[in-house]
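As structure tokens, the structure follows; a few thoughts come after it.
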Amino acid sequence: MHSITDWLSGLSGPVGYAVVAGLVLVEDALFFSFLVPGETAAVLGGFLAHQGRVSLGWLVLFVVCAAILGDTAGYEIGRHIGPRLLDTRSMRRHADRVERARDLIRRRGPAAVFFGRFVAFFRAMVPTLAGMSRMPYRRFLLFNALGGLLWGVGFTLLGYFSGAAYTRVESTVGQVLALAIAGGVVIALLVWYLRRRRTANRGDRGGQP
């Protein structure tokens, strides 16, 4: 993955637009493309815009369009050859996650198209499963477009505003998560100590003559 990000960070101009948009489109269009770093490409594209190598406005437009078109292609693939794709060896290895995605489609319907956009595996699988389930295309397109717009703008701006500090984004998130977990542990210990002390006090009062 580091070699891919290093390569992406060296792009500029039309090649930068084409590569970033292409990775986003392929990740969304092909049911096995959860291995394609489309999300990373969008963030690094924003980083390239921060450096002035590409235009932020044009990049956002390309990323959003690629996300919507990629999901549409995934929908059509699922509608026509979805069951055969799920019977391949690569998909059988991910049977549990595929079943969770199918359950999400059954329970949430169009909302799954929107929220699935923000989870890597679901982003690749939900459009195909929506096509297999014969979800009406107009309904699919509405939630696909809303999710693609929010996702494309959000992750591109994430890379843009992180700027030269992009490499620190993951470590910052890790630090915040670690602090949150540590805070939760401290609170849990404090609650346990107070409850234990209260119980002991009650026992002392109960033992008084």
**Prompt:** So between LEU61 and ARG84, what do we pick up on full extension, going 0.36 nm a residue minus the alpha carbon distance?
**Reply:** 4.9 nm
**Request:** Evaluate the distance, in nm, between pseudo-label points positioned 7 Å from the Cα of PHE115 and of LEU194 along their respective Cα→Cβ axes.
**Result:** 3.2
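Each value in this text was obtained by applying a stated rule to the coordinates, not by laboratory testing. If you're wondering where the values come from, they're calculated on a predicted model, not measured in any experiment. Don't worry about glycine lacking a Cβ; one is built from the backbone with ideal geometry, like all the others, and counts go over all protein chains shown.
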